[in-house]
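Everything on this sheet refers to the single structure shown next.
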Amino acid sequence: MTAEHKAGAQPGKASSARRARAVVSPWAAPSAREQQREAKRNAVLTTAARMFNERGFHATSLDDIAASLNVTKPTLYYYVKNKDEILLACVNKGLRMTLDGIEASRQAGGNALDQLRACMQVYAEIVVQPFGMCLIRVGDEEVPEPSRTELRRMKSEIDLAFRRLVARGVQEGSIAPCDPKIMAFVIAGALSWIGRWYQPEGSYSAQQVIEQCLAALLGGVLTRASEPKRAARKSGRTPS
């Protein structure tokens, strides 16, 4: 429920508030007929992702999405079948952004810890964006099967990507010995909370919060395996 409904605002005032928040719709552009269908579908998904995160999946209707785009609900049916399809598409966009960023970081080279650090940075930056927030919050909403199964499968790809990097780092010695599966959940979970709890009006910018979170994980949980060994050699002790 929106703040204006909670406050019992008059319908006329509520309509004005909605119009003030409405996004620029590609259907309203002079060259609307020449625009590609995919551009309009992306506008639907972007608007839906923002509204899902502001109001919740069940509290957002297709009418709300259509009104924000200044189109009719039947118009939306040309681009999407239903609201479940929209949620799946939004989560998939967040997933693709994350996996593409992880792959780019992996291709950049370096040891597993360096690549993991770059991948964590990518993921943290995505979870504060609308599609990324849909990805990390998907478990909060009740959606019917088989959509729920598909959403879980999609999200598990991120855990798997982190798990493989941690396992390789442990094997090569750039990451301290640990359970890669558990560590992947720790990393993904900690970074996801940035998207859940970060407030733009707070004292710190998103980048400052991200840097602090990465410093805590990399400096504590993911200590380089080689550092204790060097310290032990200097002191003449054998590491346990």
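The values are calculated or read from the model by the stated rules, or taken from the named source; none is laboratory data. Note that the coordinates shown come from a computational prediction; the quantities given were computed from them, not determined experimentally. Virtual Cβ from ideal backbone geometry, glycine too; neighbours counted across all protein chains shown.
Does K93 fit the bill of being over 23 Å from I194 (Cβ atoms) and either at pLDDT 90 or above or not in a helix (DSSP H, G or I) (or both)? Talk me through it step by step, then tell me what you get.
Values: over 23 Å from I194 (Cβ atoms): no; either at pLDDT 90 or above or not in a helix (DSSP H, G or I) (or both): yes.
No.
State all residues of the stretch 43-68 that are farther than 22 Å from I126 by Cα and either in a loop (DSSP other than H, G, I, E, B) or assigned by TED's automatic domain parsing to the domain that holds C134 (or both); if no residue qualifies, say none.
H58, A59, T60, S61
Consider the stretch 162-206. How many of its residues are among the charged types (D, E, K, R) and touching a helix residue (DSSP H, G or I) at 6+ places or on another chain (Cβ under 7 Å)?
Residues that pass the stated criteria total 5.
Only one of V122, V71 is touching a Ser or Thr at 6+ places or on another chain (Cβ under 9 Å) and either assigned to a loop (DSSP other than H, G, I, E, B) or among the small types (G, A, S) (or both); which?
Answer to the check: V71.
Tell me yes or no: at least one residue of the stretch 79-102 is within 29 Å of G169 (Cα to Cα), surrounded by fewer than 15 Cβ atoms within 10 Å (Cβ to Cβ) and not acidic (D, E).
yes
I'd like to know if the stretch 109-118 contains one or more residues that are farther than 20 Å from L217 by Cβ and polar (S, T, N, Q).
No, there is no match, as no residue in the stretch 109-118 is farther than 20 Å from L217 by Cβ and polar (S, T, N, Q).
Which residues, taken from the stretch 167-191, are buried (at least 19 other Cβ atoms within 10 Å of the Cβ) and under 23 Å from N53 (Cα atoms)?
I187, A188, L191
Within the stretch 192-237, restricting attention to residues that are charged (D, E, K, R) and modelled with pLDDT of 75 or more, which residue is surrounded by the fewest Cβ atoms within 10 Å (Cβ to Cβ)?
The qualifying residue surrounded by the fewest Cβ atoms within 10 Å (Cβ to Cβ) is E201.
For a quick check of your reading of the model, give me the residue pairs whose first member lies in the stretch 176-205 and is under 15 Å from V127 (Cα atoms), whose second is among the hydroxyl-bearing types (S, T, Y), with beta-carbon atoms closer than 8 Å and at least 6 apart or on different chains.
Filtered contacts from the stretch 176-205: A188/Y123; L191/Y123.
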